[in-house]
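Read the structure below first, then the notes.
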Ligand SMILES: NC(=O)c1ccc[n+]([C@@H]2O[C@H](COP(=O)([O-])OP(=O)(O)OC[C@H]3O[C@@H](n4cnc5c(N)ncnc54)[C@H](O)[C@@H]3O)[C@@H](O)[C@H]2O)c1
């Protein structure tokens, strides 16, 4: 029920952090994975690691704002399983924090474009290849910031709330094709969270918000993605699952 044997997956932003762990976990569950990132070297490194451990992976350069790269990567992933793509994980993310009075419209647009625009572009590019037999999955990545807000990142909060709206609407629209669309709201020790984990002023406050009282490594987050990708989650669509140690309760 949790096996992904015979399935293909495309993971964005998979050169580091949560995306890299998700790519490895999907491969361990049996999926053939195209590891993509805006940074080619990091994507190749993760794909090489999966292959070295006996999995099947390829890599591709994919800036999620680039429609042509998204179309090429989706076709590449589908080709791994006879032209049908099963799993898309829209994980790529970037931040540009600033308090509201100082946030530039460029940084506002940038974060919206990567998260909401990227999820739109990659999902649309993947759609023509996605399985319509009940195994097609779009798994988006949102954040507590999109659920309960955050300070110093109105761009990111707006973007991640946008991902939730996109997820719910796309779930309704693609249900007729038996494709499920869900979002996870993770929390993990990655490059993205380095400042809030190490900054003197922020670290203690941030830790106090996590009910379990500790940061997870990205590998602890990844199995939830495998669940959503698998047959075990075939009747779940349009949902948002926090995987955040009880930050959002
Ligand atoms: N780490 C957390 O606690 C946390 C919390 C909530 C949500 N998230 C979300 O999880 C996802 C992964 O975050 P992470 O913590 O692993 O971050 P990370 O910085 O470790 O990794 C992000 C990856 O995305 C890539 N990337 C950046 N811009 C890109 C673009 N335009 N196109 C393609 N790839 C691009 C980077 O090169 C990097 O490999 C993001 O969507 C992030 O917003 C993370």
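The values are calculated or read from the model by the stated rules, or taken from the named source; none is laboratory data. Computed from a predicted structure; not experimentally measured. So basically every Cβ, Gly included, is an ideal-geometry build from the backbone, and we count neighbours across all protein chains shown.
Things to note:
- Residue within the range 169-180 that is within 20 Å of residue 238 (Cα to Cα), part of a strand (DSSP E or B) and within 11 Å of the ligand (Cβ to nearest atom) present: no
- Counting only helices (runs of 4 or more DSSP H) that sit wholly inside the range 6-97, those with at least 2 residues that are under 12 Å from the mean Cα position of the chain (by Cα) and within 13 Å of the ligand (Cβ to nearest atom) are 17-28.
- Here residue 213 meets each of (1) part of a helix (DSSP H, G or I); (2) away from the ligand (no atom under 13 Å from the Cβ) with one exception, condition (1).
- Taken together, 90, 113 contain a single residue that is buried (at least 18 other Cβ atoms within 10 Å of the Cβ) and modelled with pLDDT of 95 or more, which is 90.
- Qualifying residue in the range 99-116 (condition: in contact (Cβ under 8 Å) with a residue 40 or more places away in the chain, within 14 Å of the ligand (Cβ to nearest atom) and either closer than 14 Å to residue 170 by Cα or part of a loop (DSSP other than H, G, I, E, B) (or both)): yes
- Considering residues of the range 136-167 that are crowded, with 24+ Cβ neighbours inside 10 Å and away from the ligand (no atom under 12 Å from the Cβ) only, the residue nearest to residue 205 (Cα to Cα): 167
- Scan of the range 181-201 for residues that are more than 13 Å from the ligand (Cβ to nearest atom) and assigned to a helix (DSSP H, G or I), ordered by number: 198, 200, 201
- Residue in the range 42-61 that is at pLDDT below 95 and surrounded by fewer than 18 Cβ atoms within 10 Å (Cβ to Cβ) present: no
- Test: residue in the range 208-230 that is crowded, with 20+ Cβ neighbours inside 10 Å and more than 27 Å from residue 46 (Cβ to Cβ): no
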